[in-house]
Structure formats: C-alpha cells, structure tokens
Amino acid sequence: MKSFPPYRVQVVREIPITTRPEREQALSEAGYNMFDVPAGKVTIDLLSDSGTGAVSAAQEAAAAAGDRSYAGSDSYYRFRHAVDDLTGFPHIFPVHQGRAAERILFSAVLAPGRISLSNTHFDTTRANVELLGAEARDLPCAEAADLDSMDPFKGNIDLAKLEETLAGPEGDRVGQVLVTITNNGGGGQPVSMANLKAVRELCRRFGVPFFLDAARFAENAWLVIQREPEYAGQTPKAVAQQAFELADGCVASLKKDAISPMGAIVGVRDPELAKRCEVNLIATEGFRTYGGLGAHDLERVAQGLREVVNPDYLRSRTAEAAHLAGLVNEAGVDIVQPPGIHALYLNAGRLLQHIPPSGFPGHALACEMYLAGGIRCVELGSLYLGEFDEEHNLVSPAPFELVRLAIPRRTYTEAHLEYVADVLATIAKNPESVPQYRVVEAPPLLRHFNLKMRKA
Ligand SMILES: *Cc1c(COP(=O)(O)O)cnc(C)c1O
C-alpha cells in the first residue's frame, strides 16, 4: 500500500513563478551565489531543510498560548518535558539555533591545539571548532567513499581510525568525539546503533567525551529501524532515546527534526560542564529558561518533537525522498546511494564530465537548475570543500562534486518533486551545454555562504 502523509494542508503560501530572463538577472545580480538569490525569485526552494518545514495547527495553537515570562515560564516547562522525555540529559539549555549550541558546548570543552573527531563536521560545526583554534578532523567510514555502494550505514565513523587516533601520539589532544546523526556533510547517510555503541566504548576507554550532533535524530532512528535488524519493530522514539543514552551530551538544531522555524539545545550529563555552558549561555544567548528563544518557539519545539517521531510521518517522508530518487535516476542522474531522508545528493561530477573540478561542476549544475526551472539547491563539492590559493584558484579538489537537494518537511507535494525531476531530466539530456564557473571572491572561512562567482 502506498504511504501518505498523516496530515492535510490547511494553510498555504503562494510560490513565485518567474521567467528565464528574470532568473538570469537574479542569479547574475547575486554573483552566482545561491545564498544571495532572493527567495521571492525561487520557485522550488531545496536550499535547506532547516527551519523551512511547515508547522502544524497544533504547533501554532501552542505558540499562540506561549508564556513569555522571563524566568521559568510555562512554555519552558513544556519544552523541558518534551526534550527530557526524548534525550534524558539532566542539563538542557535552549539556544536560538544549532551553531549557538556548538559555540557554547565547544568553548567549554575545546581550546587551541585540541582536536575534535567526527564522522563529518557540518559546515558551521567545523567553523565553531576552528574559531576556537582547535582542529576539526573527519573520520568517515571507508564505505562512504563509494558513492554507489548500497551499504546501509555510510554515515558511520571509522572505528579503526578513531581508536588509532585516540591510542596514538595525538590521543591526549583529542577534546571530543562528535558523531553527526544523520551525517549531513556525508550524503545524509545514517549512523548505526552498533557504531554509536562502539564509539561510546572507545570514548569511555580513553576518557574523551562523546557528543551527538543530533539535528536529525528521528530520521536516523527511522533508518536504523529499517536497516539494522536488531531494531526492526521498535518505535522511532525508543531508538532515538537509546542513541541519546549512549552519549555524554549533544548539540541539536531543532530547525530540522523538531520541525520548528528556530531553536536548538545543548544537553549534557556532567554538572561541571553544565555550569561552564550555563555562564556562556546567560552572557550571550539568554537566561537558562529561554536561551535565545521566544515562548512561541519553545512551544513549537515541544509539539514538533512529538510529531516528528510519528512513524506514519517518517514513513511518508522517507517514501517521498525515495520517489524523487527514483525519478532522478530515471532521468539519468546518479545520486549518493542509498537515498537518505532529508536530502538527495546528486553526482554532478559524473553528469557534467566536460567540467573539471576547477570549473565547479556541482555549482554549474545548481546554477542550471535555477536557470532552467527556478529550483534552488547548493553545491557540496570543491567550492565547499576544496582548497584554494590566494588568487582563488582551486589547488586541491574535493573528493566528489555533489549537489544537495534538501527536502523541507511537510512543504512540497509529489507534483513539486516530479517537476524537479523533469527539470533535471531536461538538463541531463544535454549536459555539454552547461557552462563552467570561476571564483571572483571567496573568504577563507564559511566560503560557500559568501562567494562571488562568474561564468568561465
Ligand atoms: C543545521 C545543522 C547544524 C547547525 O544548526 P543551525 O540551527 O542551522 O545553526 C549543525 N549540525 C548539523 C548536522 C546540521 O544539519
């Protein structure tokens, strides 16, 4: 039986329909940087699944009833109840979004010269490690290097390399191990519970704290249920609870799997660490019972955390991503296999073989999708991960040239996604017509947000 979303549409928002000349002008005025294209010129926005999901009537009703008291508001206690029930961490701090959580937690555990080990640090996560003078080192599992392999847990951290690093000469410089579930920087692939358990054991043995970057805890739990036999038949909430139980703490953007426009948490077990986080929180984000959040967002989070673990929701969202993956493959475009949930990662390097990494095939495909169909998405290739010299020439390419199509939660219908696949099919029929790009301006940190490009 075909799965379907366990909700119906109640409020809608019109989307802009533009002409090709309008899009050419908008993209050129944006310096060919997708982040600088006004949303009013975007028809289907697959730039991010962060804060872009549709809120439910229940979330909005709760938001309207939010209590804005400065300290100890009713909204805080409802938020705490939902977060405690899921994570079990004794110390929870609300913050405005994931990167604030990263800054607060990392500045309490890292320092110049320390190392953060991860399956893959997400972009802001890496930036927050590096801003502290620490080193962000990615140890993805070997299976992740084969984009076509159907291995079920390509988000895993490489346990052998993790042990080698912890036991080696740099071991005492490791300040934290951070596992990202699902691995957003690594194709949106899930991490198995077996992998998390093994990380926990290694971290215990070497006395290093183990944290989760748990932005997509529910989607990871759902994929564990589908792909890790020991967990088949369990509920998404139960699996997520077990994952949090393994860790010493977490940072989690709640703009993803709490289906909230804003919000994040820091969660920790250690009371001393909690104290250090709390001082930083109060000085920079807000009092401990609201962090950087308004009462409405505390309420939306509390309700969203209940809705996101609904198996019918996760089943239909997974089916939606799989449906798009099937259409994209029929269109002749390869993706990072197997498809995850929050995004598809297109293999632009393989599609646009006439463009070398220095001409940025991923960026070229993203630009073409916008020009051809008003679809916004973003490159995850050499522009994002490569190394550049002072003149902005690419000196060391990324291992893959990918484009991420993020799928906002509860936002687009199947017809929208079929339109995306149609646009991609048109491009794939004539890939040689897609031009290359050059970098005009590129800052050293968080480069892809602030680029200026031009056609080569
Ligand atoms: C989105 C995200 C973050 C940062 O969260 P924001 O709420 O966008 O600041 C950190 N890690 C991962 C894995 C993410 O997906």
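The values are calculated or read from the model by the stated rules, or taken from the named source; none is laboratory data. No experiment lies behind these values; they were computed from the predicted model shown. Because the Cβ atoms are built from the backbone with ideal geometry, glycine has one as well, and the counts that use them run over all protein chains shown. Accessible surface areas use protein heavy atoms only, side chains included; no ligands, DNA or RNA. Shrake-Rupley method; radii C 1.70, N 1.55, O 1.52, S 1.80 Å.
Quick check: with the 1.4 Å probe, what order do Asp389, Asp257 take by accessible area, largest first?
The ranking, largest first, comes out as Asp389, Asp257.
If I take every Cα pair under 8 Å that is 6 or more residues apart in the range 123-184, average their sequence separation and divide by the length, what percent do I get for the relative contact order?
24 percent.
Please give the residues of the range 196-222, grouped as numeric ranges, whose backbone N is less than 11 Å from a label point set 7 Å along the Cα-to-Cβ vector of Asp270.
Label zone hits: 207-211.
Rounded to the nearest Å, what's the spacing between the alpha carbon centres of the range 350-411 and the range 239-268? Just the number, please.
29 Å
Cross-link candidates for Lys455: which aspartates and glutamates have Cα within less than 16 Å, leaving aside residues fewer than 8 places away along the same chain?
Here the aspartates and glutamates satisfying the reach criterion relative to Lys455 are Glu24, Glu29, Glu368, Glu379, Glu432, Glu441.
Need one number: % antiparallel among DSSP beta bridges in the chain, to the nearest 5.
In the chain, DSSP labels about 60 percent of beta bridges as antiparallel.
Along the range 14-20, what does the Karplus equation 6.51 cos²θ - 1.76 cosθ + 1.60 (θ = phi - 60°) give for ³J(HN,Hα), rounded to whole Hz, x for Gly and Pro?
My calculation for the range 14-20 gives 5, 10, x, 10, 10, 9, 4 Hz in order.
If the cut-off is a Cα-Cα distance under 19 Å, which lysines reach Lys161, setting aside same-chain residues fewer than 8 apart in sequence?
In chain and number order, the partners are Lys197.
Quick one: how many Å² of Asp158 are accessible to a 1.4 Å probe, rounded to 10?
30 Å²
Between Asp422 and Asn329, 0.36 nm times their residue separation minus their Cα-Cα distance comes to what?
Going from the current span to full extension adds 32.3 nm.
Restricting to DSSP loop positions (anything but H, G, I, E, B) with no more than 11 other Cβ atoms inside 10 Å of their own Cβ, which chymotrypsin sites (Phe, Trp or Tyr not before Pro) remain in the range 5-75?
Here the chymotrypsin sites (Phe, Trp or Tyr not before Pro) that fit, given the DSSP loop and packing criteria, are Tyr70.
Taking H placed 1.01 Å from N in the peptide plane, check which residues at least 5 places from Thr180 or on another chain put their amide H under 5 Å from its amide H.
Asn119, Thr120, Asp213
For the pair Ala238/Gln226, report the inter-label distance in nm, with labels modelled 7 Å from Cα in the Cβ direction.
Between Ala238 and Gln226, the label points sit 2.0 nm apart.
Check each of the trypsin sites (Lys or Arg not before Pro) in the range 53-111 and keep only those in coil by DSSP with at most 12 other C-beta atoms within 10 angstrom; list them in order.
Arg68
What is the distance, in nm, between label points placed 7 Å from the Cα along the Cα-to-Cβ direction at Glu414 and at Ser149?
Label-label distance for Glu414 and Ser149, simple model: 3.3 nm.
Can you give me the distance in nm between label points at Ala71 and Ala442, each placed 7 Å from the Cα along the Cα-to-Cβ direction?
My value for the distance between the label points is 5.0 nm.
With runs of 4+ DSSP H residues as the only contributors, calculate the mean residue ellipticity of the chain at 222 nm using -39,500 (n - 2.57) per run, divided by the residue total and rounded to the nearest 500.
Using -39500 (n - 2.57) per qualifying helix, the result is -12500 deg cm²/dmol.
If you filter the range 367-456 for GluC sites (Glu not before Pro), then keep DSSP loop positions with at most 10 other Cβ within 10 Å, what is left?
Glu390, Glu391
Please work out the FRET efficiency for the pair Asn393 and Asn450, using the Cβ-Cβ distance as r and a Förster radius of 22 Å; give the result to the nearest 0.05.
Step by step, r from the Cβ atoms, then E = 0.80.
Can you tell me what share of the DSSP beta bridges in the range 57-307 is antiparallel? A percent to the nearest 5 is fine.
Given both bridge residues lie in the range 57-307, the antiparallel proportion sits at roughly 45 percent.
The range 422-436 to the range 160-238: how many Å between their Cα centroids?
38 Å
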